[in-house]
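Data first, discussion second: the structure below is written as structure tokens.
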Amino acid sequence: MSIKEIQDEIVSEFEMFDDWMQRYEYMIELGKDLPLIDEQYKTDDNIIKGCQSKVWVHADLEGEQLNFTADSDAIITKGIIAILIRAFSGQHPKDIMEADMNFIDEIGLKEHLSPTRANGLVSMIKQLKLYAVAYQTQLK
Amino acid sequence: MLSMIDIQKIRADFPILNREVNGKPLIYFDNAATSQTPQVVIDAIVEYYTVYNANIHRGVHTLSQEATDAYEVARKKVQQHFNAKHDYEMILTAGTTHAINIVATGFTSFLKEGDEIIVSAMEHHSNIVPWQMLCERTGASLKVIPMTEQGVLMMDVYEELLSKKTKLVFVNHVSNALGTVNPIEFIIEKAHAVGAAVLLDGAQATPHLKPDVQALDVDFYVASAHKLCGPTGVGVLYGKEEWLNKLPPYQGGGDMIDQVTFEKTTYAGLPFKFEAGTPNICGGIAFGVALDYLNDLGFENIAAYEKELLDYATKALKEIEGLRIYGEADEKTAVISFNVGNIHPYDIGTIVDKLGVAVRTGHHCAQPIMDFFKIPGTVRASFAFYNTKEEIDTFVEAVKKAVMMLS
């Protein structure tokens, strides 16, 4: 599936809920499926700055696909990063770089998109895309 | 003591309390970060810009005179509020941090290698960094008064830290993260006994009590208007006259000079020596109005009512399984810092915000305290005199809901 198709799938899953509480509960559930980062990569270098909670992200290139693993000490943050990784993992770095992120708005998490919001969703997206840029250069 | 009728009247003074957040009536429990603004203060700000906005201390025209008079009246109000001996001992600053930096920078010329500065283990970052910088500049060293698990400073260790080498002691009157009211009378007396000066940070104390700088015999006292129902960007540095005369100016600029030639400048007297440039005129005036508002309510009334809120909330929160309160000093202001089990404070803060309650989460700019308790941060609810027990009930229910979702 393409990034866009996965995003649409996530959006349709979230559309099943009518209130924010159910959406948050679902996000927390998704956090439980997050592909966890290997302990050796849980270093300060891999912490995404700009979050009140700690978020570690690691990327591995397999062939031409980028795979992400991550973790966080906060449950909601874990849910947010799980959603992002689900959309990006297994994709070509170039597609990740160019991916539109409007689906965040559509799943009712728009408030998290403000760059001044302390949860750092914007920083997370930026970091994932930075990995993509780095590996794209390597592929060339 | 304020009655429920009084509280309803008081709430009507704060227009922001009528708004909704996420479709729920706002419950504002982040008062330790900043307080809300009563209509009289908002009116004073509007009036200033509508009627007599002008630069002060220089113009001969009517507007400038009116603005200067209003600003100096505000300084008088600040003086009376803190019971300082002279109005020129009240330096109007951009806030507490600015005020602390004036003293920390000024002390550069008084310190040498081997001298010591004492701070407490429960300081805000703004109270640690300027002293570290001062130590780097002068070769002086920084000593720290430790605290107990209850969040109480260890006075026996403090006494051991004091010596002839101690030149300055700096503590917050009340801790922002824990709410502990520190034993400042003892701290001041012991510091003076070894010839050290004392600077108290009153940012968290002043919303709840009225310090008397003369009775305390404190050398410097700093506070911010925005925690006292005033605007942001205004604060005060109280300094004893003899200290302020000794202390060199912090910034050069207009308003702080006596004579200027390219060879030499002589400085203006107090308080202008420390007030370079055009100050926050409107903010200063509004600060005076905010102090009037609070004094009309009466700090004894405010303290008694807030104590009632604190006790009520503490009792209700403690019934939540796994909830731990950080800062359990006998003497504390209406601040409750807590965590529930291993749930991240950020998670709880996010959910209760969705339920309309504003609390602070994180390390509260006091990382050393969080390191001490080995936690990433806390949820902090801080109450003001315009909050109610009904709001606390809603908040406690919100926390319970959050805990249910998150565990």
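Derivation of every value follows stated rules applied to the coordinates shown; laboratory data play no part. Here the structure is a predicted model, which is why all the values come from computation and not from measurement. Methodologically, a virtual Cβ is constructed for each residue, glycine included, from the backbone with ideal geometry; neighbour enumeration extends over all protein chains shown.
Here are some notes:
- Charge context of B:Thr394, other residues only, Cβ under 14 angstrom, K/R +1, D/E -1: -1
- DSSP-loop GluC sites (Glu not before Pro) across segment B:119-176, with at most 16 other Cβ within 10 angstrom: B:Glu149
- 5 angstrom amide H check on B:Gly235, placed H, neighbours 5+ away: B:Thr93, B:Ala94, B:Gly95, B:Ala225
- Sequentially through segment B:63-80, phi angles give Karplus couplings (6.51, -1.76, 1.60; θ = phi - 60°) of 4, 4, 5, 5, 5, 4, 4, 5, 5, 6, 4, 4, 4, 4, 5, 5, 4, 5 Hz, Gly and Pro residues having no value and appearing as x.
- The calculated 222 nm mean residue ellipticity attributable to helices in the protein assembly as shown amounts to -12500 deg cm²/dmol, summing -39500 (n - 2.57) over DSSP H runs of n ≥ 4 and dividing by all residues.
- Sites listed here are GluC sites (Glu not before Pro) in segment B:219-278 whose DSSP assignment is loop and whose Cβ has at most 14 other Cβ atoms within 10 Å: B:Glu263.
- Gaussian network model of chain A, springs between alpha carbon atoms under 10 Å - residue of A:Asn102, A:Asn67, A:Asn46 with greatest fluctuation: A:Asn102
- Under Karplus coefficients 6.51, -1.76 and 1.60, residue-wise ³J(HN,Hα) of segment A:61-71 in Hz, glycine/proline x: 9, 10, x, 10, 10, 9, 10, 10, 10, 7, 7
- Model label points for B:Gln39 and A:Glu64, set 7 angstrom from Cα along the Cα-to-Cβ axis, are 6.8 nm apart.
- Sites B:Lys165 and B:Glu241 - FRET efficiency at Förster radius 30 Å, r taken between beta-carbons, to 0.05: 0.70
- For segment A:47-101 and segment B:87-153, distance of Cα centres in Å: 42
- Gyration tensor verdict on segment B:1-115 (Cα atoms; rounded if a/c is under 1.5, prolate if a/b is larger than b/c, oblate otherwise): oblate
- Here the Gaussian network model covers chain B, with springs between Cα atoms less than 10 Å apart; of B:Ala215, B:Ala223, B:Ala268, B:Ala215 fluctuates the most.
- Residue-wise HN-Hα couplings along segment B:141-151, as the Karplus relation 6.51 cos²θ - 1.76 cosθ + 1.60 with θ = phi - 60° gives them from phi, are 10, 9, 10, 10, 7, x, 10, 8, 4, 7, x Hz; Gly and Pro carry x.
- Projected label distance in nm at B:Lys401 and B:Cys365, using a 7 Å step from Cα toward the beta-carbon: 3.1
- Residues with amide H under 5 Å from that of B:Leu200, placed H, sequence gap 5 or more: B:Phe220, B:Tyr221, B:Val222
- Less than 5 angstrom separates the built amide H of B:Asp115 from those of B:Ser141, all sequence-distant by 5 or more or on a different chain.
- Per residue convex hull volume, Cα atoms of the protein assembly as shown, in Å³: 194
- Exposure proxy ranking, count of Cβ atoms within 10 Å, fewest first, for A:Ser2, A:Ser72: A:Ser2, A:Ser72
- Among B:48-57, B:277-286, B:96-105, sorting by the average number of other beta carbon atoms lying within 10 angstrom of each residue, highest first, gives B:96-105, B:277-286, B:48-57.
- Within-14-Å neighbourhood charge of A:Lys42 [Cβ basis; K, R +1; D, E -1]: -4
- Two-site label geometry, B:Glu319 and B:Asn83: point separation in nm, points 7 Å out along Cα→Cβ: 4.1
- Principal axis dimensions, largest first and in whole angstrom, of chain B by Cα: 71, 55, 34
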